[in-house]
Amino acid sequence: MAVILKAKREVVGQNVLKVDGLPLATGQPKFTLDMDLPGALVGKILYSPYAHAEIVSIDTSEAEKVPGVACILHYGNVPRVPYTTAGQGWPEPSPYDTVLFDKKVRYVGDRVAAVAAETEEAALEALRKIKVEYKVLPAVFTVEEALAPGAPIIHDEEDAEGIYDAKRNIAAAVDVPIGNIEKGFAESDVVVEATCELPYSQHAAMEPHCVIAYFDEDGRLVIRSSTQVPFHIRRVVSRVLGIPIHRIRVVKPRIGGGFGSKQEIILEPVAAALALRTGRPVKMALSREEVFVSTRTIHPAKVRVKLGAKKDGTLHAIELEAILNTGAYGAHGGTTLYNVGSKALPLYNKARNLRFHGKAVYTNLPVAGAYRGYGANQGFFGLEIAMDMLAEKLGMDPIELRLRNHIRTGETSPIFEKLGEGREGKPQVIRSCALEECLRIGAERIGWYEKRRNPRRKGPWAYGVGLACAMQGSGITGVDMAAATLIMNEDGSFRLLVGATDLGTGSDTVLAQIAAEVLGVPVEKISVYSSDTDFTPFDKGAYASSTTYVSGNAVLKAAEEVKRQILEVASEILEEPAEGLILAGGKVVSERTGREVSLSEVGHRAFYVANQRQIAATASFACPESPPPFAAFFAEVAVDTETGIVRVEKFVVVADCGQPIHPKLAEGQLEGAVVQGIGHALYEEMLFSERGSTVNSTFFDYRIPTVLDVPEIEAILVPSDEPTGPFGAKSIAEVGIDGPVPAISNAIYHAVGVRLTRAPFTPERILAALRTKDKERKG
Amino acid sequence: MKIYFELNGRPQYVEVEPGESLLSLLRRLGMKSVKEGCGTGECGVCTVLLDGKPIRSCITFAPKVQGKRVTTLEGLGTLEDPHPLQRAFVEAGAVQCGFCTPGMILTAYALLQENPAPAPYEVREYLVGNLCRCTGYKKIVDAVLLAAKWKREGRWR
Ligand code: FES
Ligand code: FES
């Protein structure tokens, strides 16, 4: 597919080789566990077998006798410091409702104790020999049960902070009215309502969570972790263990995928505490089962959307209600909740009367956390199905309905100001939006109008097409900050040091491209070193679709300053003012005389010859606004009316991420996100026993899409030009997951006339819906 | 017990526990490209070649490779001299986090030895046991087809 770029650029917009591509493709030891530390202990965790219980007593005497056991930690021998596992900027909007080890357990998989031992076998044997006496408490597994009067209180500890209403199990709540919603519906010609439900699912990054903690030769704590948030880990570990920040170094090597699951500080404080107590290196690696049972999940949600519109299709009122299950702890609960409204509602800004309300509710199930999409996918699931219903009721084409209502360049939405990161936001005007073009191209590529008019049918197979739209953000307005340091070597090459955290997305490459473009050198001249709290400047980490925009802007600023310094030195050499000098192609050229000086000459002079200095700059960028990327999703499905099986035949996603810095990486983000979305639409759901334990905790039972499940996917980039973005760029990492679930549901409706509002759309659910429809028809 | 096998063309004579997995042995011998995604044979991330055939090293007992040839990604190419398949994966954009990449490339290598001109669906069928959560697979299939094309053009055997 082709991308039309605004201006011819040398590096930006080119599909350069990913800077870490060949090292990864040749299997270099770049991941957390690829480092062998002699004498490292193995750390293992004892998990709660009960969904809700008090620990009456814990006896480790037998476990301590196991040969090779070095240390056992539990609530009785560690300090109690409430914190949140959410890796967010300080002060975190998530409640401080977690401690290292508690006297109470709140879900099956909650942490009870940790062991460090010479071998894994010894650690596991010790776990088996820890005697814990529990007093089992009544548990709640649905938000309805948790909210019911008299329900057991999950967070009754006194030292928790920031919980909205602990007595009623409400971690966070929101109610934002704009205009007059009742009047809005009364004045509408047509009203529709949809309630959609997204279940528990998991990120399933291929690399399980892992960490190594050790003390270096200066007695400083080093944490090498598979994480998206090294700087937040440093801050939180410092707080929880009382080690000063300057005595901690966090290093993120390559990581095997995250998708939000590693925006969570889970193993690091435990490994650090074990290393601190034993004075030995400690290695912890979760098994896949442990990842499923004890780490983090998506926020399961019930989302109700009510739309009121005028006869011509103009939206007049939108009510969006979201009830999220945040599980046993509230990490990311409030912020994901806010995001449901703050990402979904501005898309259709023509409606004057709005109400967004909802809750994030504690239950005794696994802990929900950050997951790619972060509430937007929950919101658009409801909104885009309601839009499909509205189009039908109005007798209007679904594309036409979107075109009539979606936000455009130069426009705003009151939502931006009302809803921010778990609190009020900031006003924002859209400066770039190519959604109209995305819809047009997508319709063409899927054959929309033809297929809508003449749906195919072949034996039991009924075919249909459906669409959805979505937007996301680029970083968190008023919260996120990133910094970059760029240093010149004397040979005219550069070191780019960024706190930004490449989790496989290719952000190291994108950031190198931005620097290379400004400095007029190929990417190979830039060595990127990222995510090491000792050697790279601060960056909030990789989340909220922030790296290209926020970190990218920091790199752009640093590169411009380094360019200024280069021109200064060149002007000394050439003895003419810097204003007439151009930096390009690895040298500085005088516009006036045509004389030139190489970057290597500039570098040598600055280091060794005259007016000596290090050419270098550090720059920061604090996110003043969060320009949304937009996307249109088109699914063609085939539904077997006899078995209920749904096959996605073709999927087209067309996105506006501003000017793509690296089109192929951007496409890769879209394709990967769409396939995760297809997984959510058709296969993925964590199931729990009556006692609240995770039943499907292997890839055999919890199916993620394989290569054979993936349809033909066309990912198309429609570049707009974001004036506040680095070289016009916006984000791309998350928006692709927002559309597949509603687009596929809408396509199923087109194919067989039943609305699937509970994901995943399994054969059983399709058949049940078909049967109900049949019965209704027969009366 | 001691076993003898050939690892990436070099003879190995090593002590193993009877119950040790091949995955653990290979990582112990420094072959860090061999990754663990599940440990129970369900993701393909730990794939290596045993006498040229892809197997899951996490559910293969180390003693089973006695007298056989084992190939890991380290045996295919190096950073200085990568195998064309490795190059194709990078060029096609098939490497995101890179955690599934070793298993993918080795499986693809075995496929192209068996079938130098696979159709796209044949590539898909062959790779079905290798999970990837990042890429959506499209660029991985592209990479294998690109490497196959290079092979047919005689750029590698
Ligand atoms: S680690 Fe061997 S198949 Fe998953
Ligand atoms: S590239 Fe990350 S799992 Fe495949």
(request) Inspect all residues belonging to the stretch A:363-376 and state whether any of them is under 21 Å from the mean Cα position of the chain (by Cα) and under 17 Å from A:Thr195 (Cα atoms). (result) yes
(message) Looking at the stretch B:145-155, can you tell me whether even one residue there is surrounded by 21 or more Cβ atoms within 10 Å (Cβ to Cβ) and either within 12 Å of another protein chain (Cβ to nearest Cβ) or in contact with an Asp or Glu (Cβ under 9 Å, 6 or more places away or on another chain) (or both)?
(response) yes
(request) Scan the stretch A:664-714 for residues that are closer than 23 Å to A:Asn364 by Cα and within 13 Å of chain B (Cβ to nearest Cβ) and jot them down. (result) A:His680, A:Glu684, A:Asn696, A:Ser697, A:Thr698, A:Asp701, A:Tyr702
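Just a yes or no: is a residue in the stretch B:39-51 out of contact with any Leu (no Cβ under 9 Å at 6 or more places or on another chain), outside any loop (DSSP other than H, G, I, E, B), more than 16 Å from ligand 2 (Cβ to nearest atom) and outside the structural domain of B:Val144 (by TED's automatic domain parsing)? Step through it out loud before you land on a result.
Filtering the stretch B:39-51 for residues out of contact with any Leu (no Cβ under 9 Å at 6 or more places or on another chain) gives B:40-41, B:51.
This time we only want the ones that are outside any loop (DSSP other than H, G, I, E, B), so: none.
Among the residues of the stretch B:39-51, not one is out of contact with any Leu (no Cβ under 9 Å at 6 or more places or on another chain), outside any loop (DSSP other than H, G, I, E, B), more than 16 Å from ligand 2 (Cβ to nearest atom) and outside the structural domain of B:Val144 (by TED's automatic domain parsing), which makes the answer no.
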(message) Anything in the stretch A:280-294 that is crowded, with 21+ Cβ neighbours inside 10 Å and away from every other protein chain (no Cβ under 14 Å)? List them, or say none.
(response) A:Pro281, A:Val282, A:Ser294
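Go through the stretch A:328-387 and count every residue that is among the polar types (S, T, N, Q), crowded, with 24+ Cβ neighbours inside 10 Å and more than 24 Å from A:Glu144 (Cβ to Cβ).
Looking only at the stretch A:328-387, we keep the residues that are among the polar types (S, T, N, Q), and these are A:335-336, A:339, A:342, A:349, A:353, A:363-364, A:377-378.
If we keep only those that are crowded, with 24+ Cβ neighbours inside 10 Å too, we end up with A:335-336, A:339, A:342, A:363-364, A:377-378.
Narrowing the set further to residues that are more than 24 Å from A:Glu144 (Cβ to Cβ) leaves A:342.
Going through the stretch A:328-387 one residue at a time, the tally reaches 1.
Residue-by-condition table, conditions (1) surrounded by fewer than 16 Cβ atoms within 10 Å (Cβ to Cβ); (2) farther than 30 Å from B:Asp142 by Cβ:
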residue	(1), (2)
A:Pro23	no, no
A:Gln28	no, no
A:Phe31	no, no
A:Glu62	yes, yes
A:Ala70	no, yes
A:Val81	no, yes
A:Thr85	no, yes
A:Val108	no, yes
(request) Output the number of the condition that B:Cys134 fails; it satisfies all remaining conditions of (1) buried (at least 24 other Cβ atoms within 10 Å of the Cβ); (2) within 17 Å of the chain's Cα centre (by Cα); (3) not assigned by TED's automatic domain parsing to the domain that holds B:Leu49. (result) (2)
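One line per residue, one yes/no per condition, for (1) more than 8 Å from chain A (Cβ to nearest Cβ); (2) surrounded by 24 or more Cβ atoms within 10 Å (Cβ to Cβ); (3) within 16 Å of ligand 1 (Cβ to nearest atom):
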| position | (1), (2), (3) |
| --- | --- |
| B:Pro11 | yes, no, no |
| B:Ser21 | yes, no, yes |
| B:Lys35 | no, yes, yes |
| B:Arg87 | no, no, no |
| B:Cys97 | no, yes, yes |
(request) From (1) outside the structural domain of B:Thr47 (by TED's automatic domain parsing); (2) within 16 Å of ligand 1 (Cβ to nearest atom), pick out the condition that doesn't hold for B:Val70. (result) (1)
(request) Can you tell me which residue among A:Ala114, A:Ala139 is surrounded by 19 or more Cβ atoms within 10 Å (Cβ to Cβ), assigned to a loop (DSSP other than H, G, I, E, B), over 25 Å from the mean Cα position of the chain (by Cα) and of a type in the set (A, V, I, L, M, F, W, C)? (result) A:Ala139
(request) Look at the stretch B:85-110 and say how many of its residues are closer than 14 Å to B:Val123 by Cβ, part of a loop (DSSP other than H, G, I, E, B) and more than 8 Å from ligand 2 (Cβ to nearest atom). (result) 1
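Every residue, every condition in (1) in contact with a strand residue (DSSP E or B) (Cβ under 8 Å, 6 or more places away or on another chain); (2) assigned to a helix (DSSP H, G or I); (3) charged (D, E, K, R), yes or no:
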| residue | (1), (2), (3) |
| --- | --- |
| A:Lys350 | yes, no, yes |
| A:Gly379 | yes, yes, no |
| A:Ala386 | yes, yes, no |
| A:Thr409 | no, no, no |
| A:Ile415 | yes, yes, no |
| A:Gly422 | yes, no, no |
| A:Ser432 | yes, no, no |
| A:Pro455 | yes, no, no |
(message) Going by what's in this entry, would B:Glu91 be described as outside the structural domain of B:Arg10 (by TED's automatic domain parsing), away from ligand 1 (no atom under 13 Å from the Cβ), over 21 Å from A:Pro253 (Cβ atoms) and among the charged types (D, E, K, R)?
(response) yes
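How about the stretch A:153-244: which strands (runs of 3 or more DSSP E) wholly inside it have at least 3 residues that are more than 26 Å from the chain's Cα centre (by Cα)? Write out each step before concluding.
On the way: elements: A:170-178, A:190-198, A:210-215, A:221-225.
Output list reads A:190-198.
The values are calculated or read from the model by the stated rules, or taken from the named source; none is laboratory data. Here the structure is a predicted model, which means the values were calculated and not measured. Positions of Cβ are generated from backbone atoms using ideal geometry, with glycine treated the same way; all protein chains shown enter the neighbour counts.
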